[in-house]
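The values are calculated or read from the model by the stated rules, or taken from the named source; none is laboratory data. What you are looking at is a predicted structure, and each value in this text was computed from that prediction instead of being measured. Heads up, the Cβs are rebuilt from the backbone with ideal geometry, glycines too, and the neighbour counts pull from every protein chain shown. Quick note on the areas: whole protein, heavy atoms, side chains included, nothing else; ligands and nucleic acids left out. Shrake-Rupley method; radii C 1.70, N 1.55, O 1.52, S 1.80 Å.
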Amino acid sequence: MERRSWIVGRITENFKLKAKLSTLVEHKGIRFKIARMKAVRFHEHGAPSVLKLDDVPRPQPGDNEVLINVKACSVNHLDIWIRKGIPGMKTNLPHIPGSDAAGIVAETGKGVQGFKTGDRVLINPSLCCGQCEFCSEGNGSLCLSYSIYGEHQDGTYCEYIAVPHQNVLKIPDSLDFIKAAAAPLVYLTAWRMMVTKTKVKPSDCILIFSAAAGVGIACLQIAKLVGATVIATSSSDQKCEFLKKMGADYVFNHSKEDTVRKVRDITSKRGVDIVVDYIGKETWLKGIYSLKRGGCVVTCGATSGYNPEEDLRHIFYRQVRIYGSTMGSNKEFSDAMTLVLGGKLIPHVDSVLRIDEAVKAHEMIEQREVIGKIVLSI
Ligand SMILES: [Zn+2]
């Protein structure tokens, strides 16, 4: 399938057009009208200041694709890693970051069923083949051709994005674009961690490090929905107060308290059933030491570093299980979004900034000033 958006992009490149809202070009006797849009891109890896608001060709929907007029997109820690550059991973530059988006269907491509212009929607940020051995067994995020908007291809910090109709979900009028854009990546990630991997149950006690982050709040909400007991930590007293209000059963500041001793006190020396860790180097061993015999730790990231100290004695002797987890399958997305759309899981939005304030949004996340999510309105 040859995408018209690709043709339009190539023509723009060939004719070296200056940015205009709409431009007519002629190629091999055919006249094309090129619609334009605003998009935040980076042309080189680096500090938040590399993010620029550019004028770029507007994509057009290919077969089975829906063109979405993006009303809001949200910022994830993934966007920070991609902007800085992940060692060993090549990003085509310039690149549009962003995995989450909510907006209105602007146009539908050939073969699209179930959507019409004007529908309010959000997108599933992940793409998998649906046919390989991993997809067949329901592990879409292990797919050999797995990709994420904003990571392996251009993302959602833009006015329009064309995505396969299988990746689009209608949202009710009761869910505003801001909250809808804050939901997909963090709830998909948290759902796989809590429901598929650790199989959280009401009798479980869970330790979540730095739980005021977007994924942490989502894990906390899912665990509480199941009826489990949650111990949540943060390095800030203000965030600890917030976590109490979010329903955490025990909360403490891990920069002031001894995490392992505190968990032993709370659990009467037993330890927790599940540790949720996306901090990495700073918290990894504390998490392992806080587990009960036979407990499990689930990791989906490492914001403080990838190479923590390890103590294998505590893993084999106490028979601890370690789960890696990333994103999720279409089924996991559908299950998580059913609860978001039904109002059972509600994203916490810290701030709403304009799309031209993407630099500030990245700075706020890097300085750990954020509770929950930052959303960019467009
Ligand atoms: Zn696959």
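Starting from region 104-130, take each residue that is over 18 Å from ILE378 (Cα atoms) and list its partners that are open to solvent by 30 Å² or more (accessible area, probe 1.4 Å) and within 16 Å of the ligand (Cβ to nearest atom), counting only C-beta distances under 6 angstrom and pairs at least six apart or across chains.
Final answer for the pair search is CYS128/TYR146; CYS129/SER145.
Output yes when any residue across region 181-188 is open to solvent by 40 Å² or more (accessible area, probe 1.4 Å), among the aliphatic types (A, V, I, L, M) and outside any loop (DSSP other than H, G, I, E, B), and no when none is.
No, region 181-188 contains no residue that is open to solvent by 40 Å² or more (accessible area, probe 1.4 Å), among the aliphatic types (A, V, I, L, M) and outside any loop (DSSP other than H, G, I, E, B).
Among the listed residues VAL230, VAL298, VAL260, VAL272, identify the single one that is touching a Cys at 6+ places or on another chain (Cβ under 7 Å) and either surrounded by fewer than 15 Cβ atoms within 10 Å (Cβ to Cβ) or hydrophobic (A, V, I, L, M, F, W, C) (or both).
VAL272
For region 246-285, give me the residue count where each residue is under 25 Å from THR196 (Cα atoms), out of contact with any strand residue (DSSP E or B) (no Cβ under 6 Å at 6 or more places or on another chain) and without any contact (Cβ under 8 Å) to a residue 40 or more places away in the chain.
Matching residues across region 246-285 total 5.
Could you tell me whether ILE171 is open to solvent by less than 30 Å² (accessible area, probe 1.4 Å), of a type in the set (A, V, I, L, M) and in contact with a helix residue (DSSP H, G or I) (Cβ under 7 Å, 6 or more places away or on another chain)?
yes
Kindly indicate whether GLU107 is touching a Ser or Thr at 6+ places or on another chain (Cβ under 7 Å) and open to solvent by 60 Å² or more (accessible area, probe 1.4 Å).
When the stated conditions are applied, GLU107 passes them.
Checking LEU353 against (1) farther than 21 Å from GLY301 by Cα; (2) in a helix (DSSP H, G or I); (3) not β-branched (Val, Ile, Thr), which test does it fail?
(2) is the only condition that LEU353 fails.
Name the residues in region 335-350 that are open to solvent by less than 50 Å² (accessible area, probe 1.4 Å) and not in a helix (DSSP H, G or I), would you?
GLY343, LEU345, PRO347, VAL349
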